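The next block holds one structure in the form of structure tokens; read it before the comments.
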Amino acid sequence: MSKITMAKSHLIGLVGDEDTCTAFLLGGIGELNNAREPNFLVVKKDTTIGEIETQLKKLLARKDIGIVLINQHIANDVRHIIETHTAAIPALLEIPSKEHPYDASKDSILKRAKGMFNVEDFR
């Protein structure tokens, strides 16, 4: 008998506004771990920056999460955490929201990726 090895799957974490979270949760990303902690945070008008920081740190520390998505306008409030995150997994990606378009000049992950390549690599 041969052994079949299966890769362990990872979840997607999400920190976003109500519209973004609703869309992703309808798409099926919502999960609770064994400690009954969700893999998402819905950021509302009364959500404090401290709560966002705490949840983002928890998501980045979880071993069952492979990608963390965060709305860019929320990422601007916790930029200091994003800029210190250097691990490949979970990958931390900034995404636009319905109300706030994406601004590539503010995306620290994109800036870091641009520094890894030069134009000659793509010719």
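The values are calculated or read from the model by the stated rules, or taken from the named source; none is laboratory data. Note that the structure is a prediction, hence the values are computed from the model and not measured. Every residue, glycine as well, gets a Cβ built from its backbone with ideal geometry; the counts of neighbours run over all protein chains shown. The accessibility values were calculated without ligands, DNA or RNA, using every heavy atom of the protein model including side chains. Shrake-Rupley method; radii C 1.70, N 1.55, O 1.52, S 1.80 Å.
Pairs are defined by a Cβ separation below 7 Å, a sequence spacing of at least 6 or placement on different chains, a first member in segment 64-85 that is farther than 18 Å from residue 39 by Cα, and a second member that is in a helix (DSSP H, G or I) and of a type in the set (Ser, Thr, Tyr); the pairs so defined are 79/108; 83/108. A count restricted to segment 86-99 and to residues that are among the polar types (S, T, N, Q) and either buried (at least 18 other Cβ atoms within 10 Å of the Cβ) or in contact (Cβ under 8 Å) with a residue 12 or more places away in the chain (or both) stands at 1.
Among the candidates 70, 52, which residue alone is under 15 Å from residue 21 (Cβ atoms), hydrophobic (A, V, I, L, M, F, W, C) and assigned to a strand (DSSP E or B)?
That would be 70, the only listed residue that is under 15 Å from residue 21 (Cβ atoms), hydrophobic (A, V, I, L, M, F, W, C) and assigned to a strand (DSSP E or B).
Here are 47, 86: which of them is assigned to a loop (DSSP other than H, G, I, E, B), modelled with pLDDT of 90 or more and among the polar types (S, T, N, Q)? The conditions single out 47.
Going by what's in this entry, would residue 9 be described as of a type in the set (Gly, Ala, Ser) and open to solvent by less than 50 Å² (accessible area, probe 1.4 Å)?
For residue 9, the condition - of a type in the set (Gly, Ala, Ser) and open to solvent by less than 50 Å² (accessible area, probe 1.4 Å) - is not met.
Has segment 55-76 got at least one residue that is over 15 Å from residue 93 (Cα atoms) and in contact with a helix residue (DSSP H, G or I) (Cβ under 8 Å, 6 or more places away or on another chain)? No: zero hits.
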